[in-house]
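No lab work stands behind these numbers, since they all come straight from the coordinates. Given the structure is predicted, the values throughout are model-derived calculations rather than measurements. Cβ coordinates were reconstructed from backbone atoms using ideal geometry, including for glycine residues, and neighbour counts include every protein chain displayed.
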Amino acid sequence: MSEELKAAVAAGVVGSQETFRSLLQSVAEVARAIFGATASSIFLLDEEKDELVFEAIAGYGADTLIGQRFPSSSGIAGWVLVTRQPLVIEDVTEDPRFAKDFAETTGYVPKGLMAVPLLHDERALGVLEVLDRPQRTQFSLVEMDLLGLFANQAAIALDLLRRARRAEEVLAASGEGGDVLARLAATLEGIEAEDRGPALRMLGALDEILKSNEGG
């Protein structure tokens with residue numbers, strides 16, 4: 001692979017990552033606005049380090065918490081990730097799963113929150129949290145359905161971001177398979193939405209092949 005082509009593919013992969021990060025940020029911002037919440041956060045599971053990472057934040061912490069990590073089994077977010085069950089808590093101080101110590105390190109301790117796992121193809125990718133929505137009424141089934149819609153969009157964006165990062169890692173190794181995977185990831189941004197299905201399936205298949213080779 002020539003240095004010129006490698007540089008072009010790398011630029012495309014980085015561009016794809018920025019697109020998917022922007023999509024995640026949009027989901028967080030709209031979720032916060034719709035629920036009238038103080039903040040909304042999207043966490044990505046780093047499987048290798050077994051940690052949850054702040055990937056997108058709307059509201060409090062947006063300027064300081066991106067990239068911060070904590071154990072994937074810690075706190076309410078960890079519980080939601082492990083059990084794959086949504087959770088609504090009106091007063092976190094009364095819930096033993098709440099990691100108050102970690103919340104204090106972020107500079108903001110919520111009173112109530114909603115959290116939902118981000119699932120894609122039966123795989124847990126992360127968690128979406130909405131903090132301190134106005135307690136006008138009891139949490140309703142309509143709100144749960146709405147939270148589920150946001151979770152679906154966030155899961156798609158997280159999956160695309162994860163694949164783009166995987167492509168960048170493979171590209172860095174400069175293997176022949178990495179060229180193919182990286183090129184496909186780099187062109188996703190320019191593919192019309194209705195035509196992305198086949199490309200994503202191919203990217204997923206290549207990703208699985210590379211993973212199996214690493215394991216063998």
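Numbers at a glance
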| item | result |
| --- | --- |
| Full-stretch length increase - residue 64, residue 104 - with 0.36 nm per residue and alpha-carbon distance subtracted | 13.0 nm |
| Point-to-point label distance, residue 46-residue 141, nm (Cα→Cβ direction, 7 Å offset) | 4.1 nm |
| Loop GluC sites (Glu not before Pro), the range 37-88 (other Cβ atoms within 10 Å of the site Cβ: 14 or fewer; DSSP) | 47, 48 |
| Where labels lie 7 Å past Cα in the beta-carbon direction, separation of residue 85 and residue 169 in nm | 3.1 nm |
